[in-house]
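Written out below as structure tokens is the structure these notes cover.
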Amino acid sequence: MRKASLAILVFLSAISTVPAHAQNSVLGDNYSIMVPEKGYKPSQPEPWLAPKYTSPRGTVKNVKLPKSTIVPTPSAQVPPDLYVPQTGRVLPNLPTVPGAGRGGAETFQDRAARCAHQAGVYGQAAGDRGSYMGACVNQ
């Protein structure tokens, strides 16, 4: 009984290693999703460059460019120096950029971002980061 089981096991393992054939070779009809339909003529190959743009209204010759305006550069305002109560030091504020408020005013979020950046710049000189942030944001 063991010899028969072993023979069957060897036979099945040998059959499982033989490569499987695809169905289309067995059926004989070369069916494939990628085969074009009968009577299909392939289109001309696409050019490498995009075709030249043609305006739908024909306004290419009537283009009017607006006159350029000079936008004044925003002036960087420097807030007053900041006294850090924990260390007793006075640290200078970094220049501000125009804020997101009306007329470029610095909003609370802008001030908090600036103070967090300054706390990282000054590092240990700012003392406790939380007290520095509180003093800076509420100035």
Interchain or sequence-distant (5+) residues whose placed amide H lies within less than 5 Å of the amide H of GLN77 are THR96
Non-local residues with an amide H under 5 Å from the amide H of LEU82, with H modelled 1.01 Å from N and Pro and chain starts lacking one, are LEU91, ASN93
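Since every read-out is calculated from the coordinates, none of them should be taken as a lab result. Model, not experiment: these values are computed from the prediction.
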